[in-house]
Amino acid sequence: MSRGKAGGRFGIVDLGSNSVRLVVYAGVERNPVLVFNEKVMAGLGRSLASTGRLDPKGIERALDALRRFMALREQIGVPNLVVAATAAVRDAEDGADFLERAESICGFKIMLLSGLDEARISAQGVLSGIPTAEGLVGDLGGGSLELVPVANGKPGEGATLPLGPLRLMDLSHGSLAEAESFVERAFGEQKWLKNYEGKPIYAVGGVWRNLARIHMAQRNYPIHVLHQYVIPARDAADISRVIEKLGPKSLAQIPDVSERRVEALPFGALVLDKLISASRAKEIVISAYGLREGLLFERLDKKEQQKDPLIEGCRDLAGRLARFPQHGNEFFKWTAPLFADDVLGETAEESRLRHAACILADIGWYVHPDYRAHHAMTQILLAPFSGIDHQGRLYLARVGYHRHEGRGEPEMLGNRSAYIPERDNERALILGLALRLAFTLSGATMGMLPKTRFDIGKNSLTLVVPKKYEALVGEIVAKRLAALAKALGRKSDIRIGK
């Protein structure tokens, strides 16, 4: 058990340059489960560049939000709460005065993060959600842009630049042309960015997430999940240039643009466009994880940090929805012979996804039988998992469908199947059929399945069942074994052992 689970709910208040946000998690654990999330667009840093001070209206909005968040803390029950302030508060002449007022509301010390601390923690948050990330993390807040290289599961030495949209709007008096020269000059001083040519940029921040939504809409992309959504660098640059040219009225008419981001969007798009040019990045990978998840991750013990976020997320979902959450481990071992090197074979990543699929195999059991397959698929497609890209998510969704429905093509997938290789489609079918057989054979109970096994020949698939369980082998079991064998290109057989 992690320290967070023992300590109860964990909350973070992020006092940013543009927004003030409260997030509450179920506990400090490897798979952060969000309990509550509220944001106020206070605009603390709106006039910082021109006056050197926090925006007066922004101060009052932020303090009002903080009062509500402290009341919510009591209402929800959040024993562990961290309040962190970032670029606007640390750079403002009156930042210390604001902190004093804010701390009188909180009743405890607020963390004032340095630029380098903010960059490091944000990068750690990205790594907590995308452990294999290798490239450049860019976290665009209202007042600053944090840039940090990541590789081998660790953040490197980064930089913080005064390129947040609110600051740029203030510096340039709302002129994109003036802002462009400022951004180019800032990136021109960061010669090290060229070291990341051909690498991804892992993009964090609400403005950049809105650009991703626009790209999704343009492509009619079927999975509306932003985490690990990938935009080719050329597409991202093209969209950014179009956004830069649109006025507020035109931007407000785009359905996928948040009304609160309209003003800042062209400036955020400008920063992304110039960052792509400076770094010669290959693609933009959207990360839903950033500073807040980094703060949470740093509070995990070492053992918890090393856990796989996808597997932990699947276990959490199965723990809420499945009859026997522990079934996943039985299924994983039982299906292993089908994926042995001399049968289908599998990479380490494919084995990991098979494990995840086995854990999720029973999450749709309580739904009406006519809807189980599509319900399981939808749950998996939209679940707040991390540590998985969209191709992997589609694979798991297909397994969930075939586990309930057998063969056939799910109508709701539409053209989603085109987003994963045919190899993955075939393997999803085989694993789904194997799980369908497993539930039928065991009566969806624990303990019986490990006493059976597969014998797999070049042209045959034999299910070996102990004499003790012979009566469980009926027509439906034989039928589902035959379907699995056919998918493997083999003949089915059942042998009763001792």
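Data for the structure
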item: Neighbourhood net charge (14 Å Cβ-Cβ; Lys/Arg +1, Asp/Glu -1) for Asn195; result: +2
item: Rounded FRET efficiency, nearest 0.05, which uses the C-beta distance separating Val477 from Gln75 and R0 of 60 Å; result: 0.70
item: Cut-off under 5 Å, modelled amide H: who pairs with Lys282 long-range; result: Gly198, Lys199, Ile201
item: Eligible lysines near Lys486 by straight Cα distance, threshold 18 Å, same-chain separation 8 or greater; result: Lys458
item: Theoretical FRET efficiency, 1/(1+(r/R0)^6), r = Cβ-Cβ of Ala26 and Met446, R0 25 Å, to 0.05; result: 0.45
item: Separation of the Glu157 and Glu470 label points, Cα + 7 Å toward Cβ, nm; result: 7.4 nm
item: Inter-site label distance for Glu93 and Tyr419 at 7 Å from Cα along Cβ, in nm; result: 5.1 nm
item: Stretch gain in nm, segment Val367-Asn220, where the contour uses 0.36 nm per residue and the Cα spacing is subtracted; result: 50.0 nm
item: Three-way shape call for the stretch 309-445 based on the alpha-carbon gyration tensor, with the a/c threshold at 1.5; result: rounded
item: Structure-based [θ]222 nm, the chain - -39500 (n - 2.57) summed over DSSP H runs of at least 4, per residue, nearest 500; result: -14500 deg cm²/dmol
item: Paramagnetic label zone (point 7 Å from Cα along Cα-to-C-beta, Trp192; backbone N under 19 Å) in the stretch 106-120; result: 114-120
item: Peptides ranked, highest mean first, by Cβ atoms within 10 Å: ranges 336-344, 420-428; result: 420-428, 336-344
item: DSSP bridge orientation in the stretch 342-498 - percent antiparallel, rounded to nearest 5; result: 35 percent
item: Entries of Lys109/Lys154; Lys307/Lys333; Lys194/Lys303; Lys154/Lys199; Lys109/Lys302; Lys39/Lys302 with Cα pairs more than 24 Å apart; result: Lys109/Lys154; Lys194/Lys303; Lys109/Lys302; Lys39/Lys302
item: Extension gain (nm, one decimal) between Arg185 and Gln306, 0.36 nm per residue minus Cα-Cα; result: 39.6 nm
item: Length-normalised contact order of the chain in % [C-alpha pairs under 8 Å, at least 6 apart]; result: 12 percent
item: Cα-based reach from Lys467 at 16 Å (exclusive), listing aspartates and glutamates while leaving out same-chain residues under 8 positions away; result: Asp493
item: FRET efficiency for Asp235 and Glu409, using Cβ-Cβ distance with R0 set to 22 Å, rounded to 0.05; result: 0.15
item: Rounded to 10°, Cα long-axis angle of helix 56-76 versus longest principal axis of the chain; result: 30 degrees
item: Label-point separation, Glu103 to Lys245 (7 Å along Cα→Cβ), nm; result: 5.1 nm
item: DSSP bridge orientation in the chain - percent antiparallel, rounded to nearest 5; result: 55 percent
item: Angle between the chain longest axis and helix 475-487 axis [Cα atoms, degrees, rounded to 10]; result: 60 degrees
item: Bridge type composition, the stretch 3-112 - antiparallel percent by DSSP, nearest 5; result: 60 percent
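Taken together, the values in this text are just the output of simple stated rules run on the coordinates, not laboratory data. Keep in mind that this is a model prediction, so the values were computed, not measured. Here the Cβ is made from the backbone with ideal geometry for all residues, glycine too, and neighbour counts use every protein chain on show.
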